[in-house]
Amino acid sequence: MRVLAGIPAHNNARCIGSLVLMIEMGKYADEIIIVDDGSVDDTVEIVEECVTSAKETNPVNITRMIYRRF
């Protein structure tokens, strides 16, 4: 069975990186989907860094990030 973690995000730059890291390190999910709805802080940039990092180490597949900028 595969486990999917869906994370809603809006201006969560302060904690989104640690949340993704906790999911990766604990191996709680096989795939992470982060949905951002127009954050104006650094949430999107931090998640993009997490995606790059996951591609290098590949503990968890962060395959999709869905976001809108208004």
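We did not get these values from a lab; they are worked out from the coordinates using the rules stated. None of these values were measured; they are calculated from a predicted model. Here the Cβ is made from the backbone with ideal geometry for all residues, glycine too, and neighbour counts use every protein chain on show.
I'd like the FRET efficiency for residue 45 and residue 25, computed as 1/(1 + (r/R0)^6) with the beta carbon distance as r and R0 of 25 Å, rounded to 0.05. Can you show the working numbers first?
Numbers: r = 21 Å, r/R0 = 0.85.
The formula returns an efficiency of 0.75 here.
For region 5-17, what does the Karplus curve 6.51 cos²θ - 1.76 cosθ + 1.60, with θ = phi - 60°, yield as ³J(HN,Hα) per residue in whole Hz, taken in order and with x for Gly and Pro?
Each residue's phi maps through the Karplus curve to give 10, x, 10, x, 9, 8, 6, 10, 4, 5, 10, 5, x Hz.
Residues with amide H under 5 Å of residue 7's amide H, sequence separation 5 or more or different chain, H placed in the peptide plane at 1.01 Å from N; which?
HN-HN under 5 Å from residue 7: 33, 34, 35.
Taking amide H positions as placed 1.01 Å from N in the peptide plane, with prolines and chain starts having none, which residues 5 or more places from residue 42, or on another chain, fall under 5 Å of its amide H?
For residue 42, whose amide H was placed from the backbone, the distant partners under 5 Å are 13.
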